[in-house]
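The values are calculated or read from the model by the stated rules, or taken from the named source; none is laboratory data. Keep in mind that this is a model prediction, so the values were computed, not measured. Neighbour counts are summed over all protein chains in view; Cβ atoms, including those assigned to glycine, are modelled from backbone coordinates with ideal geometry. With ligands, DNA and RNA removed, areas are computed over all heavy atoms of the protein, side chains included. Shrake-Rupley method; radii C 1.70, N 1.55, O 1.52, S 1.80 Å.
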Amino acid sequence: MITNTELEHKGNLYPTALITYEHDQDTISFITKNGVRLHIQVLRDNMLRLRYSTTGIFEHDFSYAVDESQPHGFNQLQITETETHIVITTEKVICKVARDDIRVGMYNHSGKPILEDELGFHWEESFEFGGNFVKMSKSSKDQENFFGLGDKPTNFNLKGKRLSLWNTDQYAYGKDTTELYKAVPFYMGLHGNMSYGIFFDNTFKTHFDFCSERRNVTSFWADGGEMNYYFIYGPQMSDVLTTYTDLTGKPELPPMWALGFHQCKWSYYPESKVKEITSKFRELNFPCDAIYLDIDYMDGFRCFTWNKEYFPDPKRMVSELEADGFKTVAIIDPGIKIDLSYDIFKEALDKNYFCRRADGPYMRGKVWPGECYFPDFTNPEVREWWSGLYRELIGDIGVKGVWNDMNEPAVMEVPGKTFPLDVRHDYDGHRCSHRKAHNIYGMQMARATYDGVKKFNFPKRPFIITRANYSGGQRYTSTWTGDNVATWEHLWLANVQIQRLCMSGMSFSGSDIGGFAEQPSGELYTRWLQLGIFHPFCRVHSSGDHGEQEPWFFGEEVLDISRKFVELRYQLLPYLYTAFHNYVQEGMPILKPLVYFDQEDVQTHYRSDEFIFGNQILVCPVQEPNVQGRRMYIPRGKWYNFWTDKLVVGGKEMWVDAPLDIIPIYIKEGAVIPKYPVQQYVDQIKMEQMTLDLYYKLGKENSEFYEDAHDGYEYRQNVYSLRTFKLTGKEDEIILQQHKSGKYSAPYTSFKLNLHGVPFEIKKVFYENEEVPLDQIHFNAEENSMIIDKEFSELHLVG
Ligand code: GLC
């Protein structure tokens with residue numbers, strides 16, 4: 001029998017009627033009869049922050065996610081009252097707060113509901129830990145769909161799912177594993193061609209239910225902390241995402257070598273093995289920019305040490321690799337081996353930098369080195385110390401990138417695979433338990449690593465990759481999807497996960513190509529690599545205990561096909577780099593899921609196989625064995641088959657041929673795609689000519705091409721070049737205009753312009769409105785190509 005007392009103890013509590021409200025500058029503060037306080041802060045005309053306190057008292061306002069360097073603040077509040085509501089109006093959104101129970105509704109200016117509270121804010125007291133479980137529920141529309149939430153290995157459209165965010169080391173995870181390595185409490189809803197975003201900035205364990213428990217209700221809640229969320233209105237998904245990345249930050253441009261092909265394994269050692277691998281890449285003319293050192297390079301897995309038997313002279317080795325065009329990336333984990341003769345352990349112990357349990361003892365746990373203590377990366381002094389530890393590895397030895405792993409944090413052989421919840425953290429002066437710090441531990445480790453690598457690699461750009469992260473962590477680091485498995489299902493997952501990460505502000509991501517656990521067949525390896533070359537981060541990695549995973553291991557045919565695709569990535573580097581530029585500047589995702597590309601077309605809402613790479617290349621991986629092709633959806637518009645130049649009209653599903661050496665790739669009509677010649681590594685050759693592939697369109701299309709020195713910071717002093725190509729295609733004429741900004745001047749002088757799909761024979765060419773003889777521009781009628789000065793501003797091709 002349920003007694004009243006039990007009901008009271010287990011039940012939810014709700015705000016009661018509004019008694020008063022006040023406002024200053026950009027914030028309105030509402031108070032209810034039962035003491036609940038709601039702060040609504042208008043940050044932009046499309047972004048409002050909502051914070052609730054059940055006691056009327058707010059704790060210190062602090063967030064690791066919000067990028068304080070971004071300007072925000074808004075001070076033109078328009079507040080009106082009706083009998084039932086207090087109404088806040090901005091240029092984009094109308095926000096209504098009910099007098100009865102402070103439930104909130106957001107509307108557009110035509111009065112259409114964007115998002116309305118169902119039960120709205122409510123809470124349950126946490127008798128075990130103090131504080132509250134804070135909860136929010138929203139009513140959702142019939143056709144509403146949901147996207148985002150970081151690295152979740154589940155259907156791309158989250159409708160019908162219930163997921164929680166608690167960073168977890170999930171070796172060989174599977175489809176629908178709910179807790180993975182990252183916590184990105186941000187999602188987008190889409191209904192009636194209106195999109196909005198919710199960022200629930202709460203680092204406790206959070207939960208999201210997208211019409212799973214009740215078909216018309218979406219809810220999110222946390223095991224502690226504050227109900228503190230941002231509502232962002234679109235109506236386009238691109239508006240939501242760029243506002244979210246303005247709030248939580250964007251990274252700096254990575255060095256271009258970080259976009260090349262990377263080879264990794266657990267582990268390549270000793271030095272002779274590393275050299276054998278790198279030499280083989282060069283011997284086989286298989287492009288590669290980076291080689292990784294996994295944990296075995298260390299002395300007994302002690303961070304910042306070397307096993308001198310395997311690597312007698314790391315500095316020499318790293319510089320020899322560099323001379324051969326290879327950057328060295330080394331792993332660094334958070335666990336510090338308990339060993340009083342190990343200087344780093346000793347120093348951290350003396351300085352009290354290790355995490356402790358609630359009543360005093362150090363947090364002790366087993367990882368690769370055996371029993372370890374763990375630095376409290378939420379303490380700014382510890383981060384500073386940690387960043388200084390990179391002096392030798394980066395500044396002296398010359399390692400170019402750092403790979404942070406096991407930072408969920410992972411602990412072996414214990415229930416829950418992580419720290420006990422009572423462990424204490426500094427949380428930048430807001431002391432708390434592991435319940436609150438768990439989800440940001442990895443992010444703060446990566447942040448300290450970023451600071452160190454940046455300092456000691458300066459004036460070159462840093463490269464960091466982490467496994468665990470939290471919203472905003474994209475400012476410091478790239479990421480990968482952890483310990484996946486060499487199965488076809490995981491190839492499908494990799495595709496969905498990387499698109500999801502791109503939609504969650506973390507574009508610089510990739511999967512372990514071929515699978516980490518188990519061993520792929522040659523066919524699976526090939527199909528995975530064909531997808532992987534379109535991922536912002538492109539690395540083969542494997543656990544090493546199931547066999548080899550270098551491209552030559554699977555025989556001639558696989559090697560040749562793999563080379564062809566990796567060469568394609570190297571040719572497309574300037575195009576990919578331009579997509580990175582757009583990501584870094586505007587937060588535009590590098591991969592655009594079809595729903596992001598064309599949200600108005602409801603056909604895209606449940607599609608996840610196909611995606612747009614950059615702005616103009618449509619890709620669809622093959623995710624099944626033994627097939628010669630597949631069906632795929634071609635989004636609206638006209639697209640050229642990359643392999644055949646055949647033009648297709650989109651807005652429908654089609655069969656596309658894809659034998660083992662091909663995957664479906666389409667180019668948007670009107671696109672101008674910049675291409676490099678094939679290189680074995682970035683900057684191997686001095687570029688003498690750049691290729692532009694122009695795809696004819698009857699009508700207009702703009703394309704962009706960003707360049708700079710590929711590394712260093714001069715681009716921030718205007719030393720970059722951003723070219724915009726405006727194409728206007730007519731029945732018997734093409735006009736190509738070029739506008740350039742920035743002070744960077746690339747080493748090449750000309751473009752080789754390759755024309756695709758032009759329906760007429762080119763008879764005359766006008767350069768800056770003056771006719772030029774066709775032989776002067778090396779017009780090749782067979783190829784339909786010509787050579788033009790890179791600084792042209794207007795070109796007319798006439799039939
Ligand atoms: C973890 C990582 C994996 C790495 C291994 C050894 O499993 O996810 O990438 O190779 O640890 O360091």
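Data table
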{"quantity": "Residue pairs meeting the criteria (Cβ under 7 Å; at least 6 apart or on separate chains; first over 19 Å from R447 (Cβ atoms) and of a type in the set (A, V, I, L, M), in region 331-351; second open to solvent by 40 Å² or more (accessible area, probe 1.4 Å) and away from the ligand (no atom under 16 Å from the Cβ))", "calculated": "I338/E371; L340/K346"}
{"quantity": "Selected residue (criterion: farthest from G510 (Cα to Cα)) from residues of region 471-484 that are within 11 Å of the ligand (Cβ to nearest atom) and open to solvent by less than 10 Å² (accessible area, probe 1.4 Å)", "calculated": "N484"}
{"quantity": "Strands (runs of 3 or more DSSP E) lying entirely in region 116-189 (those with 2 or more residues that are over 27 Å from the mean Cα position of the chain (by Cα))", "calculated": "132-139"}
{"quantity": "Residue match in region 126-143 (condition: under 30 Å from V414 (Cβ atoms), within 16 Å of the ligand (Cβ to nearest atom) and touching a residue at least 24 places away in the same chain (Cβ under 8 Å))", "calculated": "no"}
{"quantity": "Matching option when the condition is at pLDDT 95 or above and over 22 Å from A579 (Cβ atoms), among L647, L692", "calculated": "L647"}
{"quantity": "Yes/no for T487 being open to solvent by 10 Å² or more (accessible area, probe 1.4 Å), within 16 Å of the ligand (Cβ to nearest atom) and at pLDDT 95 or above", "calculated": "no"}
{"quantity": "Identity of the residue in region 330-350, under 32 Å from the mean Cα position of the chain (by Cα) and part of a loop (DSSP other than H, G, I, E, B), that ends up farthest from G398 (Cα to Cα)", "calculated": "G335"}
{"quantity": "Odd one out for P113, checked against (1) touching a Phe, Trp or Tyr at 6+ places or on another chain (Cβ under 7 Å); (2) farther than 25 Å from A17 by Cβ; (3) surrounded by fewer than 19 Cβ atoms within 10 Å (Cβ to Cβ)", "calculated": "(2)"}
{"quantity": "Filter pass, R435 being in a helix (DSSP H, G or I), within 16 Å of G224 (Cβ to Cβ) and away from the ligand (no atom under 16 Å from the Cβ)", "calculated": "yes"}
{"quantity": "Qualifying positions in region 344-375 - buried (at least 18 other Cβ atoms within 10 Å of the Cβ) and hydrophobic (A, V, I, L, M, F, W, C)", "calculated": "I344, F345, A348, F354, C355, M363, V367, W368, C372, F374"}
{"quantity": "Subset of region 398-417 that is surrounded by fewer than 21 Cβ atoms within 10 Å (Cβ to Cβ) and assigned to a loop (DSSP other than H, G, I, E, B) - its residue that is farthest from the ligand (Cβ to nearest atom)", "calculated": "G398"}
{"quantity": "Matching residues, region 52-80, being more than 30 Å from Q444 (Cα to Cα) and either open to solvent by 80 Å² or more (accessible area, probe 1.4 Å) or modelled with pLDDT under 85 (or both)", "calculated": "T55, N75, Q76, L77, Q78"}
{"quantity": "Among (1) more than 16 Å from the ligand (Cβ to nearest atom); (2) of a type outside the set (F, W, Y); (3) not in a helix (DSSP H, G or I) - the single one Q530 does not satisfy", "calculated": "(3)"}
{"quantity": "Any strands (runs of 3 or more DSSP E) falling wholly within region 557-635 and containing at least 1 residues that are within 22 Å of the chain's Cα centre (by Cα)", "calculated": "591-593, 611-613, 617-619"}
{"quantity": "Residue tally, condition of a type in the set (D, E, K, R) and within 16 Å of the ligand (Cβ to nearest atom), over region 234-277", "calculated": "2"}
{"quantity": "Residue, surrounded by the fewest Cβ atoms within 10 Å (Cβ to Cβ), within region 199-248, restricted to residues that are more than 21 Å from the chain's Cα centre (by Cα) and of a type in the set (A, V, I, L, M)", "calculated": "V217"}
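For every residue, the table says whether it meets (1) open to solvent by 30 Å² or more (accessible area, probe 1.4 Å); (2) modelled with pLDDT of 95 or more; (3) farther than 15 Å from K400 by Cβ; (4) polar (S, T, N, Q).
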{"site": "E271", "(1), (2), (3), (4)": "no, yes, yes, no"}
{"site": "K280", "(1), (2), (3), (4)": "yes, yes, yes, no"}
{"site": "I291", "(1), (2), (3), (4)": "no, yes, no, no"}
{"site": "C303", "(1), (2), (3), (4)": "no, yes, yes, no"}
{"site": "K308", "(1), (2), (3), (4)": "yes, yes, yes, no"}
{"site": "E322", "(1), (2), (3), (4)": "yes, yes, no, no"}
{"site": "I332", "(1), (2), (3), (4)": "no, yes, no, no"}
{"site": "K337", "(1), (2), (3), (4)": "yes, yes, yes, no"}
{"site": "L340", "(1), (2), (3), (4)": "yes, yes, yes, no"}
